[in-house]
1. Scanning segment 33-70 for residues that are touching a Ser or Thr at 6+ places or on another chain (Cβ under 9 Å) and part of a strand (DSSP E or B), which turns out most open to solvent (accessible area, probe 1.4 Å)?
2. Looking at (1) crowded, with 16+ Cβ neighbours inside 10 Å; (2) in contact with a Lys or Arg (Cβ under 7 Å, 6 or more places away or on another chain), find the lone condition where His73 falls short.
3. Identify the residue in segment 8-32 that is without any contact (Cβ under 8 Å) to a residue 24 or more places away in the chain and in a loop (DSSP other than H, G, I, E, B) and, among all such residues, is surrounded by the fewest Cβ atoms within 10 Å (Cβ to Cβ).
4. May I ask you to list the residues in segment 77-123 that are hydrophobic (A, V, I, L, M, F, W, C) and under 16 Å from the mean Cα position of the chain (by Cα)?
5. All but one of (1) closer than 22 Å to Leu16 by Cα; (2) modelled with pLDDT under 95 hold for Ile80, so report the exception by its number.
6. Only one of Tyr83, Tyr140, Tyr97 is in contact with a helix residue (DSSP H, G or I) (Cβ under 9 Å, 6 or more places away or on another chain) and farther than 23 Å from Asn26 by Cα; which?
Amino acid sequence: MNTTHAIKDIRQIQTLMDVYPPHSKNRLLLEYAIRTGLRISDILNVKVGQVLGKESYQIVEMKTGKKKELAIHDRLKQSISDYVEREGLAAADYLFYSNADKNSHIKRTQAHRIIAHAGDMIGITLSAHSLRKSFGYHSYKQGVDISLLQTIFQHSSQAVTLRYIDITQENINNVYKRVDFGF
């Protein structure tokens, strides 16, 4: 079974962000996914007017049907602004519009291809889910309480969240490495 993992090395994330040109749709897709931790289906449905110049916005998650408010990181706001200006997008346009039909967003398969190709370019296997898990992993490592991440990901328990962001196995491995018996 192929499982996705978080990108744990922050330098790999920085390298990943340089794969596509600044202010491009592909780069913004990577940044948006990693800064929000949203599922790809929720990312693709975003329209320019929901996010441009906003501090936060609300979505109804496609998978759960639940409302969620999402604050927009200052760097992501700037990236969105630069991209929208460069592309000449209007408020009613999809942020990740389809080149074939401006009234539609790119399809999930295209988004997955963009993300997988970026991973290939830096020598890692990458999916949209990897970016979601990376958001959780680095949030946790930077001190975000696991209960908040549980709420963000809408998991049933903290144990599920820890396993989801690859912390459980990492913590288990550290126990084996750190236990000192004095010999």
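The values are calculated or read from the model by the stated rules, or taken from the named source; none is laboratory data. Model, not experiment: these values are computed from the prediction. Quick reminder, even Gly has a Cβ in these numbers, built from the backbone with ideal geometry, and neighbours come from all protein chains shown. What goes into the accessible areas is simple: the full protein's heavy atoms, side chains included, and nothing from ligands, DNA or RNA. Shrake-Rupley method; radii C 1.70, N 1.55, O 1.52, S 1.80 Å.
1. So, considering only residues that are touching a Ser or Thr at 6+ places or on another chain (Cβ under 9 Å) and part of a strand (DSSP E or B), the one most open to solvent (accessible area, probe 1.4 Å) is Glu69.
2. His73 satisfies every listed condition except (1).
3. Checking each candidate, the answer is Pro21.
4. Scanning segment 77-123 gives Ile80, Leu95, Phe96, Ala111, Ile114, Ile115, Ala116, Ala118.
5. The single condition Ile80 does not satisfy is (2).
6. Exactly one of Tyr83, Tyr140, Tyr97 is in contact with a helix residue (DSSP H, G or I) (Cβ under 9 Å, 6 or more places away or on another chain) and farther than 23 Å from Asn26 by Cα, namely Tyr140.
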